[in-house]
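Engineer: Handing you a structure now.
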Amino acid sequence: MNISTNIRKLTLLFVTFFIALSGGLVYWQVVVAQRVTQNIHNGRPCLPDSAPDRGRIFDRNGVLLADSKPSTTGCGSIRHYYEPSLAGLIGYYAGPNYPSTGIEHLYDDYLSGRAGITALQNTVNQTLHRPPVGDDIYLTIDVRIQRLVNQHFDDPINIDNFLTFASDRGSVVVSDPHTGGILAMLSRPSFDPNKLVSTLQSGDQAYFNQLVHDPEQPLLERPLNALYPPGSTYKTVTLMAGLDSGKVNLNDQFDQQHAIGPIFVNGQPIGPIGNNLQPYTIRFPVTTEYGFAHSDNVIFAQVGLKTGQSTWLDYNNRFFLGQQQNHFVDRDLPFTPSSVQTNGQPLSDNELAANAFGQGIDNISPMQMSLFDNVVANDGQLMKPMLVSQITDRTKNPLQVNQSQATGSAVSSQTATQVRQAMFGVVRCGSGLLVTDLFTSTSAIIGKTGTAELGGKLNADGWLITQAPYSVNNPTQLPALTIIAMKENAGEGGLAVGPMVAHIYNDIFANGYVKVQVPTPPGQSYCCTTQLLQQGCVAP
């Protein structure tokens, strides 16, 4: 027997095994390492020495909103959230065995350390069997303002079950219109993110299932993903389109028949219900601006028709309505597309007329309404909405800094100035005049009310889009903030949400969270002089 031959065979066998073993190690530790790490069935991240050190989430001022702590019952570490009113926006992360949501999901690669230069550093950590370290996320949210919004959403109002109704469902968005930064975003009802992650990580899905099956949909981030008829707030969009296209003027005249109604469009009557001018309008003709101040559906049906379908749709599309918004928003703010058409089909004249005053087939998200509001406040320029301001490593070195981005002029400066003037007329002389908190606010608020009729036996949704502070004596001084708010099935918009919006502005400015110079209010004769009010005014 040849011993040398046997030794060579044995050596070859060992070499073959070594190559196979090495190949297997390279395959599992290099080729598919990331897939194995991300697999929800992989239990290694739950081991104390392998649990990822997930990145933290902060507000714009460095206030901690989310971090991780060692888990006493479940997998590795457990996420902890410090501002529950941001639950839907930040989302939740319950470990590798469950899907994540919100910012936690959208920025998971950064928070888990799988993106950019941090990913290279974590490759070394992986080789040395050290846990990966994630990056930190800084939001544009100001948690001080967020807490005010959350507090005032529950401010009591007079519930008469005729004009106003109790509701715990709705949205608020506070923006800096000049940067696009979102300063606060509230969705109600919400959920307890700490309870959710702790129960899921301990294997208890009862709370999660309760949330999923709750008919009030607490897991729905309403400002971004709920769609509603916008009611009369959409007259703001129609006014912008009409004025900017040159087809409409604030001083256009409407006689009694065309202001009160009925008028007929494709045989469909519009008015007299919804003219909102009776019984306090006693002199005619009245103007477009008067119709906007008092929220006349009959006048704004005609404004939409005079503007024309193609022009009206063009101005809607300038705000990236519908699928076009996919090219407009970053991944941190993916909101459900709004629409003003059915499957892109042309509008009939009666559909255009109804759409023009917000009661047609308009289906709009609160975030979309915020974009319209921001353009008016920013003198016609539309800024890209922004929620994440920067991403840093753990030593606060910036890895990504998001700058404000202008998308161009949606309307002219002149148009924006005229619409702000018209919004001032709403609060000072029109439908907002009935809301004492708005009218008497020291914050110089302007806005447009909306009461979206839903049909059947459902109570109307209450809307309000606003800006502040505004100076009618210096109209080129731009408002510093916008706030849009709505409550589902709460009734008349100004009465249902006006008080809370006024209280939010008052507290933001009084506490210096946004520093502004509040202008002197105009004289008491403004509404009579401009003929935006008739009762109590001497006929010209």
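Engineer: Which of the residues belonging to segment 392-403 are of a type in the set (S, T, N, Q) and loosely packed, with under 14 Cβ neighbours inside 10 Å?
Structural biologist: 395, 397, 403, listed by residue number.
Engineer: Take residue 324 and tell me if it is in contact with a helix residue (DSSP H, G or I) (Cβ under 8 Å, 6 or more places away or on another chain) and at pLDDT 90 or above.
Structural biologist: no
Engineer: Pull out all pairs, ordered by first then second residue, where Cβ-Cβ is under 7 Å, the residues are six or more apart or on different chains, the first lies in segment 101-128 and is closer than 19 Å to residue 68 by Cα, and the second is part of a helix (DSSP H, G or I) and modelled with pLDDT under 55.
Structural biologist: 113/119; 113/122
Engineer: Out of 453, 488, which single residue is within 24 Å of the chain's Cα centre (by Cα) and surrounded by fewer than 16 Cβ atoms within 10 Å (Cβ to Cβ)?
Structural biologist: On the way: 488 fails: surrounded by fewer than 16 Cβ atoms within 10 Å (Cβ to Cβ).
None of the others qualify; the one that does is 453.
Engineer: If we keep just the residues of segment 372-420 that are acidic (Asp, Glu) and in contact with a strand residue (DSSP E or B) (Cβ under 7 Å, 6 or more places away or on another chain), which is modelled with the highest pLDDT?
Structural biologist: Looking at residues that are acidic (Asp, Glu) and in contact with a strand residue (DSSP E or B) (Cβ under 7 Å, 6 or more places away or on another chain), I get 373.
Engineer: Within segment 518-536, is even one residue under 21 Å from residue 145 (Cα atoms) and not aromatic (Phe, Trp, Tyr)?
Structural biologist: There is at least one residue in segment 518-536 that is under 21 Å from residue 145 (Cα atoms) and not aromatic (Phe, Trp, Tyr).
Per-residue answers, yes or no, for (1) in contact with a Leu (Cβ under 6 Å, 6 or more places away or on another chain); (2) at pLDDT 95 or above; (3) surrounded by fewer than 24 Cβ atoms within 10 Å (Cβ to Cβ):
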residue: 237; (1), (2), (3): no, yes, no
residue: 248; (1), (2), (3): no, yes, yes
residue: 258; (1), (2), (3): no, yes, yes
residue: 267; (1), (2), (3): no, no, yes
residue: 287; (1), (2), (3): no, yes, yes
residue: 295; (1), (2), (3): no, yes, no
residue: 299; (1), (2), (3): no, yes, no
residue: 303; (1), (2), (3): no, yes, no
residue: 319; (1), (2), (3): yes, no, yes
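Engineer: Can you tell me which residue is farthest from the chain's Cα centre (by Cα) among those in segment 406-438 that are more than 29 Å from residue 498 (Cα to Cα) and surrounded by fewer than 14 Cβ atoms within 10 Å (Cβ to Cβ)?
Structural biologist: 408
Engineer: Let me ask something else about it. Mind checking which helices (runs of 4 or more DSSP H) fall wholly inside segment 1-113 and carry at least 3 residues that are at pLDDT below 75?
Structural biologist: On the way: elements: 3-26, 33-38, 87-90, 102-106, 108-111.
In segment 1-113, the matching helices (runs of 4 or more DSSP H) lie at 3-26, 33-38.
Engineer: Could you please find all residues in segment 165-187 being surrounded by 21 or more Cβ atoms within 10 Å (Cβ to Cβ) and closer than 26 Å to residue 458 by Cβ?
Structural biologist: Answer for segment 165-187, where residues must be surrounded by 21 or more Cβ atoms within 10 Å (Cβ to Cβ) and closer than 26 Å to residue 458 by Cβ: 170, 171, 172, 173, 185, 186, 187.
Engineer: Cβ-Cβ distance below 6 Å, separation of 6 or more or different chains: which pairs start in segment 400-420 with a residue that is part of a helix (DSSP H, G or I) and end on one that is modelled with pLDDT under 95?
Structural biologist: As it stands, the answer is 417/475, since those pairs meet every condition given.
Engineer: Among the listed residues 296, 244, identify the single one that is more than 30 Å from residue 406 (Cβ to Cβ) and among the acidic types (Asp, Glu).
Structural biologist: When all the criteria are applied, what remains is 296.
Engineer: If the requirement is being in contact (Cβ under 8 Å) with a residue 12 or more places away in the chain and touching a strand residue (DSSP E or B) at 6+ places or on another chain (Cβ under 6 Å), which of these qualifies: 211, 227, 196?
Structural biologist: Working: 211 fails: touching a strand residue (DSSP E or B) at 6+ places or on another chain (Cβ under 6 Å); 196 fails: touching a strand residue (DSSP E or B) at 6+ places or on another chain (Cβ under 6 Å).
227 is the lone residue from the list that is in contact (Cβ under 8 Å) with a residue 12 or more places away in the chain and touching a strand residue (DSSP E or B) at 6+ places or on another chain (Cβ under 6 Å).
Engineer: Within segment 149-198, take every residue that is of a type in the set (Ser, Thr, Tyr) and outside any strand (DSSP E or B) and give me the one that is nearest to residue 100 (Cα to Cα).
Structural biologist: Filtering segment 149-198 for residues that are of a type in the set (Ser, Thr, Tyr) and outside any strand (DSSP E or B), the one nearest to residue 100 (Cα to Cα) comes out as 198.
Engineer: Give the residue, chosen from 534, 517, that is in contact (Cβ under 8 Å) with a residue 60 or more places away in the chain, part of a loop (DSSP other than H, G, I, E, B) and more than 24 Å from residue 452 (Cα to Cα).
Structural biologist: Values: 517 fails: in contact (Cβ under 8 Å) with a residue 60 or more places away in the chain.
Being in contact (Cβ under 8 Å) with a residue 60 or more places away in the chain, part of a loop (DSSP other than H, G, I, E, B) and more than 24 Å from residue 452 (Cα to Cα) holds for just one of 534, 517, which is 534.
The values are calculated or read from the model by the stated rules, or taken from the named source; none is laboratory data. None of these values were measured; they are calculated from a predicted model. When we count neighbours, we look across all protein chains shown, and the Cβ atoms used for this are built from the backbone with ideal geometry, even at glycine.
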